[in-house]
1. Which value at 222 nm does the chain reach when only helices count, each DSSP H run of 4 or more adding -39,500 (n - 2.57), with the total divided by all residues and rounded to the nearest 500 deg cm²/dmol?
2. If we sort 741-751, 396-406, 577-587 on the protection proxy, mean other Cβ atoms within 10 Å, highest first, what's the order?
3. Taking every DSSP beta bridge that has both residues in region 668-809, what percent is antiparallel when rounded to the nearest 5?
4. Cα-Cα over 30 Å: which of 30/631; 66/794; 377/496?
5. Any idea what the relative contact order of the chain is, in percent, if you count C-alpha pairs under 8 Å spaced at least 6 apart?
6. Can you flag which of 407/514; 399/504; 777/868; 454/527 are past 18 Å Cα-Cα?
7. Please go through region 507-572 and write out the trypsin sites (Lys or Arg not before Pro) that DSSP classes as loop and that have at most 15 other C-beta atoms within 10 Å.
8. How large is the Kirkwood hydrodynamic radius of region 113-237, counting all unique pairs of alpha carbons, in Å?
Amino acid sequence: MTSHIRIAQQNTRKSLMATKELLSEFQKHKIDLVLVQEPNTQNTNRILGYPLQATIHQVGNNSKPKTGIVINNKTLYTKTLDNYTNSWMTSIQVQLDKTQLIISNIYIEPNTMIDEHIETLRNLLKDYEHLPLILAGDFNARHTLWHDRIVNKHGELICELINDFDLQIHNENSPTCITDNGNSIIDLTLSNSRATPHIKQWNSKGPLSGIFDHVYITFEFSSKNIPHRTPFSTRKFDEKKADWTKFHKHFSADRIKKLTKQLGKANNARKIDQIIKQFTRIIQNAAYHSIPIIKTSPYLRRCNWWDDELRCMQIVVRNKRYIFSREKNPQVREHYYNEFRSFRNKYVRMIRRKKFLKWKEFLEELHSQDTWGNTYKMIKHKTNPKSHTLPIIEDFPVKEHPMIMEKIVNQIFPSQASRSSPNFSLDRIGNTTQHINLTRDYIESLIHKTNSKKAPGIDCITNGMLKQIKSLISNFLAKLFEKCLNIGYFPKQWKKGALTIFPKPNKADLHNSKNYRPITLLSSIGKLLEKIIQTNIQNYLIETKKLNSNQHGFVPEKSTITALFEIKKKILNYKADRLTSILAIDFTGAFDNADWDIILQNMTNLNIPSYLIRIISSYFHNRQIIFTYNKHRYSKTTTHGCPQGSPLSPLLWNILINNLLDTFSVNNASIFAYADDITIVCSGKNIKELHNTILTALEHVNTWSISNNLTINFNKTNILNFHKKSFPSPIIINDNLVEIVPKIKILGLTFENHHLRNKINFTTHINNTINKTINVKNILNNYCKNTFGINTRKRQNLYKGLIRPMMIYGSEIWSDQINRKQIDKLESLQHSILRNSLMAFRTVSKSCVSSLTRIETLRTNIEVRKIKFLHKNRIELINTLDLNQHIRDIKNLELDRLFLNTNVNFRLFFVDKIPKFIFTNFYTTQFFTGHGPFNEYLHRMKIANNPFCFALNVIEKIHKEDEISSELSYRIKSHKFHFK
């Protein structure tokens, strides 16, 4: 914990370049927080120009901010004071050891101070008089009390405020605003009696450069034991800088061989745990000697575009400004000012150029062919920003954090009776022995398939490390896993998980633990054993067909699409001649409240082999979660629940809920499940019968949930009617009203009633998809311009891998339910995005764009997906030996059709088809399509009369009809000329 907070204040006069220069300055000197007046907003309601990861406190409610506080030190605990934050004032609370520091940043425009301003400041000083408080900013107030030459109205009012509340003025006898019209002291730093003793090293450096009219002010607030966030992560080693040769050198293969021999004699749990402990230390030791520890700075990343040339120019501009500001002779002063202004403009242009070139280099990544680089990461961050804060803890004093952590864990994982292991007796199952044989190749394939980006467990051993030594450890792990399976023991080291919680999206109350999603980070080695167990259980259930066919979650050859297809099919079947409703049921904390005894009993009822039941029982025994926040740590032995993050958890949940699917036998109702998402389609000949069917179905599920120690979340359980009739009475279960909604979202697809019996309304889903796609398209267009950005290939890969899957999700379900206008909107969006990928003019046709990108129309893609889905699930089989070739033929036929629909210029250029080696960019696309100012280009290059190029004098308007386009802007005499 440091003993001071470094604070800076600066008026940037709404300038982006001034903001960038300020950014380089406070990052260089490790300023903790910056009070900014007149920030750069570019006529929006947000402060712009700072890094994406920066925390910025500003006014909300769509008000244009005139002040803001930028937190450069992300480890500080800060919170906006909403009552004292508005367009001209930003107030925050900084957590100290035993109290809070209040900082208020003020900007009042010249000659605008009114009673409301003074009254707000008085209320702030009264409300927080018992806490240290700092008032700072640009008051546009002048008074001799703080050594200014004159007194204005603002100065009189602020002077009265200072006297009434006994505020300390920290300004010295130096100007804070330097312009060609003169100097003044209008930027003030004030503090109350509780803050004054802690403020030190107040310093006015003068203007950083000519960009600023206002000086750069810094000071420190000193206090004992200022609390800071200490980021916790199980990812300890920086594998990007790993020396894998050194890692192999320090990895002791001989010791692994000795441990393998010891395994043969290990016949009990204690010896197995000792061997695993030694094995873990061998890998960790190799990592410590070859991979650097990840070091995180509490401060924002420095500007990599700020170089020595800019620093030299900054010094020159600063000196020129100093010379003109000190000159008394008006004529000489004007000469110096013009000289200063000229060089300042040159300096600003250089900042803009340096920044743009670095930004372009960052986005384009010319050294890399990876599509999923910086541009992709920027899009993901914009569309799905991640919050790294935990208001449920951080909004409270530090001394209360241990108690809050304990409360969070106990609320998410409540204890069940007084047990740390299942009450299920293993005597109920047979005592048969099973000898399992695992091969080295199988273990190596398991390791190879792991995701290197997955976070490790508390042992900090990553999948990347295991991949490096898989050939050296595969034999040992095969013997170890065999031993665990044969004796029915899951090692205790792998039952400890690091708990991390994330705020759920779109949740307002972040002080409620139910609005956080718990993820348990488990050992990477332990998860290999879990995958082996999961595979064996899954294979048994599939072979014996004991898993209910209505379960679509985490089942081979099933998905959300198969679940939605069955739901849609059942709705349309019922809807044809009956009243129909669907019921979406949600369980409260389903995975976290799964009962171990019931899972084991269900496994026994399903006749799962006894060795698998034994190891699952051991898997549940004495499981421990460890929640770490800063230097505080709380651990708890869980008594129920399937850890989210475990490969076994989805399968164990499926075993638990399988009994519900098997026993559900309500007339005129069908049940479908995707993991814990339950959907029931109900029907009735009349409204009374439908009402009774829904009640019966709900009562059945509610009875089952009570007997299985689960709770239905009635706030999220809804009914959607596919009719317009009203029920005779509300649907109530145990005094809980089930709400009837006009639309319902199931597995990412929004269902609505349609007035036609053979239709389901997906209008809301299509509109939401269009809006999301437009949002992503606009973000992509910001990063991919005609003159810079990733190349054409990467742009098209981004579309095919990121945007198109989002656009056509569930198309197998809704493609035959939407109208032509809706599909045309989606088609138009694809054209717009692909046209951007080619850097083509807006007038380029869809046919030309599709031909150059070799990407079929969205209609064709949707049809192809549906054909593949129906064939794969044996719903509509295609009479072909090679489905993939059949799909390629469909796409090629569509591309050929599109090529024939292109303009004459395009077809003359390529004659038959487009070669694969064609490279498109802003200029080549114009030549290929015939859209662009070619006459101007050819004259500029002085080749208008070149024998290879016949340019017409008039080229701007050639888009009347395909027949008229024979009047080309140019003709190509030799194809080879352009391909060179």
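None of the figures in this text is laboratory data; all of them are computed from the coordinates on show. What you are looking at is a predicted structure, and each value in this text was computed from that prediction instead of being measured. Methodologically, a virtual Cβ is constructed for each residue, glycine included, from the backbone with ideal geometry; neighbour enumeration extends over all protein chains shown.
1. Result for the chain: -13000 deg cm²/dmol, rounded to the nearest 500.
2. Peptide ranking by packing, descending: 577-587, 741-751, 396-406.
3. Antiparallel bridges make up about 80 percent of those DSSP assigns within region 668-809.
4. 66/794; 377/496
5. That works out to 8 percent.
6. 399/504; 777/868
7. Filter output for region 507-572: 507, 545, 546.
8. After inverting the mean inverse Cα-Cα distance, the result is 16.4 Å.
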